[in-house]
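Notes to accompany the following structure.
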Amino acid sequence: MDKVRWGLLSTAHINRRLIPAIRASARGELLAVGSRSQAAADTYAAEWGIPLAFGSYEALLASDAIDAVYIGLPNHLHAEWTTRALAAGKHVLCEKPFAQTLAEVDRMTAAARDNGRVLAEAFMYRHHPQTKIAGEFVRAGRLGRVQLLRGVFTFRMGSRDNVRLRPEWGGGSLWDVGIYPLSLAQFLLGGPPEWVFGDQWRGPSGVDEAFSGALHYAGGAMAQISSGFGVPYFNHFEALGDEGRLVFTRPFNSLERDDRRLTFIDAAEAAHELPVPEMELYAGEVADMHDAILDGRPSYISLSETRDHVRTVLALYESARRGERVYLEEIS
Ligand SMILES: NC(=O)c1ccc[n+]([C@@H]2O[C@H](COP(=O)([O-])OP(=O)(O)OC[C@H]3O[C@@H](n4cnc5c(N)ncnc54)[C@H](OP(=O)(O)O)[C@@H]3O)[C@@H](O)[C@H]2O)c1
């Protein structure tokens with residue numbers, strides 16, 4: 001096998017970012033799409049030039065023509081379809097948020113292990129050079145001791161008829177976009193917080209339409225993260241240490257083109273631009289799956305990191321519900 005043959009599980013909006021990334025790679029090819037209706041699958045396959053169209057997710061998973069699937073389903077369906085895909089012998093790249101409970105994460109992880117297949121969380125920004133260069137900068141001690149982190153991801157929800165507003169489908173701004181700064185803090189500090197404090201504003205449907213979280217780490221570092229559905233599109237992150245601060249411009253996503261930047265502002269307030277090579281945002285996660293499947297390399301984002309993303313989100317929601325700090329060890 002020298003190429004991974006991909007199938008898309010659903011006609012999700014987000015597919016449009018994965019499709020060019022698969023097609024740009026010499027190690028993958030897009031072979032199929034599966035949808036809940038044959039008509040939708042046929043229309044989508046014709047629009048995107050995809051050879052095979054299946055009228056159910058089960059039919060796609062039963063096909064021997066597919067090695068790996070991309071799961072861009074609504075959040076509450078990630079665990080079920082990931083587990084089913086792994087049981088059918090497929091490798092899986094599953095969108096964030098990976099799952100809604102730790103029990104689901106553990107079931108998905110066990111299914112990957114038991115079936116000997118690759119499973120990874122699709123956190124595209126983690127594979128971008130901007131994030132990797134920042135990680136190296138922090139780990140080389142260039143910021144000194146990192147003390148404070150702050151990150152935000154917001155956008156204005158166009159329609160009220162959006163899956164992100166449905167509580168029973170894993171809706172909410174923290175699950176949807178707050179998990180980005182949360183995961184970047186975890187990456188830079190090398191692990192999850194010890195305890196968290198969460199605060200939320202819940203809209204009419206019951207999901208958090210704005211969330212603010214304080215995260216406390218072993219060693220004394222603290223992070224503040226914010227997310228929201230009600231203010232214009234914005235994402236930003238800063239890491240502050242003894243020696244200065246690292247400012248991430250558009251760390252998670254940019255609407256038009258890859259224009260992310262990293263700026264180190266030293267203790268004398270002088271700004272130093274760190275060169276960030278351009279890379280198609282979704283190319284890295286696809287290349288990583290190809291390396292894991294074809295070369296047997298471990299996935300760049302481990303399932304234990306993924307478990308901690310979910311655990312921290314759950315702790316923050318629990319804290320917001322109770323109105324008090326929650327230790328991560330309480331979340332099981
Ligand atoms: N990494 C990123 O940059 C990024 C960006 C956006 C979204 N996401 C993630 O990707 C996932 C999908 O988001 P999206 O905005 O692309 O979603 P979407 O356009 O609403 O698509 C979800 C797809 O799920 C399928 N589906 C199955 N059961 C459904 C149901 N009961 N109701 C509605 N759809 C159902 C539908 O496909 P069929 O009709 O073909 O079956 C639908 O097209 C989410 O988990 C989100 O967090 C990630």
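The values are calculated or read from the model by the stated rules, or taken from the named source; none is laboratory data. All values derive from a computational prediction rather than experimental measurement. All Cβ positions, even for glycine, are placed from backbone atoms using ideal geometry, and neighbour counts span all protein chains on display. Quick note on the areas: whole protein, heavy atoms, side chains included, nothing else; ligands and nucleic acids left out. Shrake-Rupley method; radii C 1.70, N 1.55, O 1.52, S 1.80 Å.
Of all residues in segment 178-222, those satisfying the criterion of being out of contact with any Leu (no Cβ under 9 Å at 6 or more places or on another chain), in contact (Cβ under 8 Å) with a residue 24 or more places away in the chain and hydroxyl-bearing (Ser, Thr, Tyr) are TYR180, SER183.
Being open to solvent by 70 Å² or more (accessible area, probe 1.4 Å) and part of a loop (DSSP other than H, G, I, E, B) is the filter here, so list the residues in segment 148-189 that pass it. ARG156, GLY158, ARG160, ASP161, ARG166, listed by residue number. Among the residues of segment 132-164, which ones are among the aromatic types (Phe, Trp, Tyr) and either farther than 24 Å from MET279 by Cβ or within 12 Å of the ligand (Cβ to nearest atom) (or both)? Once the filter is applied, which keeps residues that are among the aromatic types (Phe, Trp, Tyr) and either farther than 24 Å from MET279 by Cβ or within 12 Å of the ligand (Cβ to nearest atom) (or both), segment 132-164 yields PHE153, PHE155. If the condition is being within 9 Å of the ligand (Cβ to nearest atom) and surrounded by 24 or more Cβ atoms within 10 Å (Cβ to Cβ), then segment 72-95 contributes HIS78, CYS94.
If you go through segment 279-332 and pick out every residue that is over 22 Å from PRO192 (Cα atoms), among the aliphatic types (A, V, I, L, M) and under 16 Å from the mean Cα position of the chain (by Cα), you end up with 5.
Can we say LEU9 is over 23 Å from SER173 (Cα atoms), surrounded by 24 or more Cβ atoms within 10 Å (Cβ to Cβ) and within 9 Å of the ligand (Cβ to nearest atom)? Break it down stepwise before answering.
Values: over 23 Å from SER173 (Cα atoms): yes; surrounded by 24 or more Cβ atoms within 10 Å (Cβ to Cβ): yes; within 9 Å of the ligand (Cβ to nearest atom): yes.
Judged against the criteria, LEU9 is a match.
Scanning segment 43-57 for residues that are of a type outside the set (A, V, I, L, M), outside any loop (DSSP other than H, G, I, E, B) and more than 11 Å from the ligand (Cβ to nearest atom), which turns out most open to solvent (accessible area, probe 1.4 Å)? Only one residue tops the list, namely GLU47.
Going by what's in this entry, would ILE66 be described as outside any helix (DSSP H, G or I), of a type outside the set (Lys, Arg) and either more than 16 Å from the chain's Cα centre (by Cα) or within 16 Å of the ligand (Cβ to nearest atom) (or both)? Reasoning before the result, please.
Details: outside any helix (DSSP H, G or I): yes; of a type outside the set (Lys, Arg): yes; either more than 16 Å from the chain's Cα centre (by Cα) or within 16 Å of the ligand (Cβ to nearest atom) (or both): yes.
In short, yes.
Checking each residue in segment 289-304 for being surrounded by fewer than 16 Cβ atoms within 10 Å (Cβ to Cβ) and assigned to a loop (DSSP other than H, G, I, E, B) picks out GLY296, ARG297, PRO298, SER302. The test for being in contact (Cβ under 8 Å) with a residue 12 or more places away in the chain and near the ligand (Cβ under 9 Å from one of its atoms) does not hold for ARG27.
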